[in-house]
Amino acid sequence: MPNARSTTAAKVKPALGLVEFVALMALMTSLVALSIDAMLPALNQIALDLAITDPQDTHLIVSLFFIGMAFGQLYFGPLSDAKGRRYTIITGLIIFGLGTVVCMFAESLKVLLIGRVIQAFGVSGPRIAALAVIRDQYKGEAMARVMSFIMMVFILVPMLAPSFGQAVLFWFSWQHIFSSFLVIGLLTGVWYFLRQPETLPKDKRVPFSWHQLYHSSRFILSNKLVMFYTFSMGLVFGGFLAYISASQTVFQVIYDTGDLFPLYFALLAFSIGFASFINGTLVMRLGMRKLCTWAIFGWLGFTSILLIMCLIYEGLPPLNYLISILFAAFFCIGILFGNLNSMAMQPLGDTAGLGAAIIGSLSSIISVPSAVFVGSFIENSMTPIAIGFVGFGFASFLFFWFAERPKAPT
């Protein structure tokens with residue numbers, strides 16, 4: 001049974017120094033953020049080139065990426081546990097490259113979206129395998145500490161990716177953003193295979209079978225802590241994804257910041273990275289649960305202030321007020337993401353690959369429709385985003401509270 005296996009699993013001694021390990025895992029997982037955020041400055045140009053008339057359709061270039069990830073994670077999770085982490089990574093990078101080529105030569109929105117889904121399906125391989133590699137070598141607060149440092153490095157990508165995409169657009173076309181993904185994916189794969197050994201020994205692998213998949217999935221899906229933390233993470237990310245998908249509209253259309261959009265985006269991304277650094281220094285002393293409790297109350301408090309300001313200023317609070325409140329709110333997001341994911345992964349042991357897949361897929365299945373729903377109301381006001389922040393944040397708090405509620409004595 002998965003439960004029994006998880007209690008006897010031997011930890012794999014880390015082969016790399018912490019600094020190189022953090023940098024490598026951050027780069028592996030940051031392919032997701034790069035594939036999303038580097039595209040944001042190009043959405044207007046893509047809309048012109050592909051004759052997209054509805055601005056809401058361009059948001060799909062971002063939000064549908066997570067649909068591809070949801071299915072990709074369900075595929076690569078069992079593959080990672082059956083074939084090992086290295087096999088999963090090379091397979092995922094190849095599919096990622098194929099999807100990127102489709103996007104490069106797309107001449108319609110439909111083809112571009114198909115390419116994005118393929119691209120997202122493939123990039124799920126490195127993401128899932130990287131999480132499993134971390135879980136193979138760390139657990140508990142130690143895993144949360146490593147995840148926080150990885151998030152701190154990882155967050156540099158969304159900080160710099162829009163500026164990178166805008167620089168490419170200055171010299172070339174939006175298609176060359178995709179060609180840069182091919183180069184970065186290749187370099188990432190080479191670094192991983194030269195430096196990081198396999199972390200899942202053959203005697204610890206779980207051969208794929210529908211019977212084993214059923215029982216492992218049943219164990220994961222019936223674990224209250226895993227599910228409640230996953231739903232909590234998916235809901236709070238749903239509101240955040242609505243902001244990410246509409247960020248180009250918010251800053252360049254609603255607030256007319258023009259070429260300063262990457263700067264504002266990077267400033268808010270820095271808040272998440274800074275929070276991850278603080279979390280990494282405090283989590284071993286204070287614990288994940290206490291930090292999450294503080295962060296989720298902070299998120300609800302700051303987003304409620306944002307909603308009140310949207311009501312006062314008819315949906316358009318002054319830009320400096322908006323940036324200040326979002327900076328504080330996203331600091332709380334930086335505390336929540338790494339810790340909630342680590343707490344959801346903690347009970348899973350040898351089913352880390354499938355566990356990461358189910359956690360990632362469920363959180364995407366929850367967050368993407370939530371973000372698309374909120375995004376459908378965004379035209380010239382911040383109010384829908386603020387309502388989404390508060391509403392999904394409160395629902396996230398409820399699941400977190402149910403997970404943390406002590407059991408009644410028997």
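The values are calculated or read from the model by the stated rules, or taken from the named source; none is laboratory data. Computed from a predicted model, the values in this text were never measured in an experiment. Because the Cβ atoms are built from the backbone with ideal geometry, glycine has one as well, and the counts that use them run over all protein chains shown. To get the accessible areas, we keep the full protein, side chains included, count just its heavy atoms, and leave off ligands, DNA and RNA. Shrake-Rupley method; radii C 1.70, N 1.55, O 1.52, S 1.80 Å.
When L326, L322, L398 are checked against the criterion of being over 19 Å from F261 (Cα atoms), of a type in the set (A, V, I, L, M) and part of a helix (DSSP H, G or I), L398 stands alone in meeting it. The residues of segment 76-93 that are closer than 22 Å to L182 by Cα and either free of Cβ contacts under 8 Å to residues at least 60 places away in the same chain or over 19 Å from the mean Cα position of the chain (by Cα) (or both), listed by number, are R85, R86, Y87, I90, T91, G92. The residues in segment 371-390 that are more than 9 Å from A242 (Cα to Cα), assigned to a helix (DSSP H, G or I) and of a type in the set (V, I, T) can be counted, and the count is 3.
The residues of segment 250-286 that are surrounded by fewer than 16 Cβ atoms within 10 Å (Cβ to Cβ) and not in a helix (DSSP H, G or I) amount to a single one, D256. Hey, does segment 291-310 have a residue that's free of Cβ contacts under 8 Å to residues at least 12 places away in the same chain and of a type in the set (A, V, I, L, M)? Yes, because at least one residue in segment 291-310 is free of Cβ contacts under 8 Å to residues at least 12 places away in the same chain and of a type in the set (A, V, I, L, M). A295 meets each of the listed conditions (1) open to solvent by 10 Å² or more (accessible area, probe 1.4 Å); (2) over 27 Å from F170 (Cα atoms) apart from (1).
Note down all Cβ pairs under 7 Å where the first residue falls in segment 264-282 and is of a type in the set (F, W, Y), the second is modelled with pLDDT under 80 and open to solvent by 10 Å² or more (accessible area, probe 1.4 Å), and they're at least six residues apart or on different chains. These pairs meet every condition: F270/M159; F277/M152. Against the list (1) aliphatic (A, V, I, L, M); (2) under 30 Å from L348 (Cα atoms); (3) surrounded by fewer than 22 Cβ atoms within 10 Å (Cβ to Cβ), the condition I89 fails is (3).
Consider L354 carefully, then state whether it is part of a helix (DSSP H, G or I) and crowded, with 24+ Cβ neighbours inside 10 Å. Let's see the steps before the verdict.
On the way: part of a helix (DSSP H, G or I): yes; crowded, with 24+ Cβ neighbours inside 10 Å: yes.
Answer is yes for this residue.
Only residues that are within 22 Å of Y243 (Cβ to Cβ), within 17 Å of the chain's Cα centre (by Cα), in a helix (DSSP H, G or I) and not small (G, A, S) were counted across segment 21-58, and they come to 7. How many residues, within segment 92-101, are β-branched (V, I, T) and open to solvent by 50 Å² or more (accessible area, probe 1.4 Å)? Residues flagged as β-branched (V, I, T) and open to solvent by 50 Å² or more (accessible area, probe 1.4 Å) within segment 92-101 amount to 2. Looking only at segment 207-225, decide whether some residue is closer than 24 Å to T29 by Cβ, loosely packed, with under 11 Cβ neighbours inside 10 Å and not basic (K, R). No, that holds for no residue.
Of the numbered criteria (1) closer than 22 Å to L362 by Cα; (2) assigned to a helix (DSSP H, G or I); (3) among the hydrophobic types (A, V, I, L, M, F, W, C), the one L291 fails is (1).
Is there a residue being open to solvent by 20 Å² or more (accessible area, probe 1.4 Å), under 20 Å from the mean Cα position of the chain (by Cα), more than 26 Å from I333 (Cα to Cα) and touching a residue at least 24 places away in the same chain (Cβ under 8 Å) anywhere in segment 183-195?
Filtering segment 183-195 down to residues open to solvent by 20 Å² or more (accessible area, probe 1.4 Å) leaves 183-184, 186-187, 190-191, 193-195.
Now restrict to residues that are under 20 Å from the mean Cα position of the chain (by Cα): 184.
When the remaining residues are screened for being more than 26 Å from I333 (Cα to Cα), the result is 184.
Of the ones still in play, those that are also touching a residue at least 24 places away in the same chain (Cβ under 8 Å) are 184.
The answer is yes, given that some residue of segment 183-195 is open to solvent by 20 Å² or more (accessible area, probe 1.4 Å), under 20 Å from the mean Cα position of the chain (by Cα), more than 26 Å from I333 (Cα to Cα) and touching a residue at least 24 places away in the same chain (Cβ under 8 Å).
The residues of segment 194-220 that are touching a helix residue (DSSP H, G or I) at 6+ places or on another chain (Cβ under 8 Å) and in a helix (DSSP H, G or I), listed by number, are R195, K204, L213, H215, S216, S217, F219, I220.
Restricting S324, S370, S342, S363 to those that are more than 18 Å from the chain's Cα centre (by Cα) and either open to solvent by 40 Å² or more (accessible area, probe 1.4 Å) or at pLDDT below 90 (or both) reduces the list to S324.
Could you list, in sequence order, all residues of segment 310-319 that are open to solvent by less than 30 Å² (accessible area, probe 1.4 Å) and part of a helix (DSSP H, G or I)?
Within segment 310-319, the subset open to solvent by less than 30 Å² (accessible area, probe 1.4 Å) is 310, 315, 317.
Selection gives C310 alone.
Has segment 384-405 got any residue that is open to solvent by 70 Å² or more (accessible area, probe 1.4 Å), within 30 Å of L316 (Cβ to Cβ), at pLDDT 80 or above and among the hydrophobic types (A, V, I, L, M, F, W, C)? Within segment 384-405, one or more residues are open to solvent by 70 Å² or more (accessible area, probe 1.4 Å), within 30 Å of L316 (Cβ to Cβ), at pLDDT 80 or above and among the hydrophobic types (A, V, I, L, M, F, W, C).
E107 falls short on exactly one of the conditions (1) at pLDDT below 75; (2) open to solvent by 40 Å² or more (accessible area, probe 1.4 Å), and that condition is (1).
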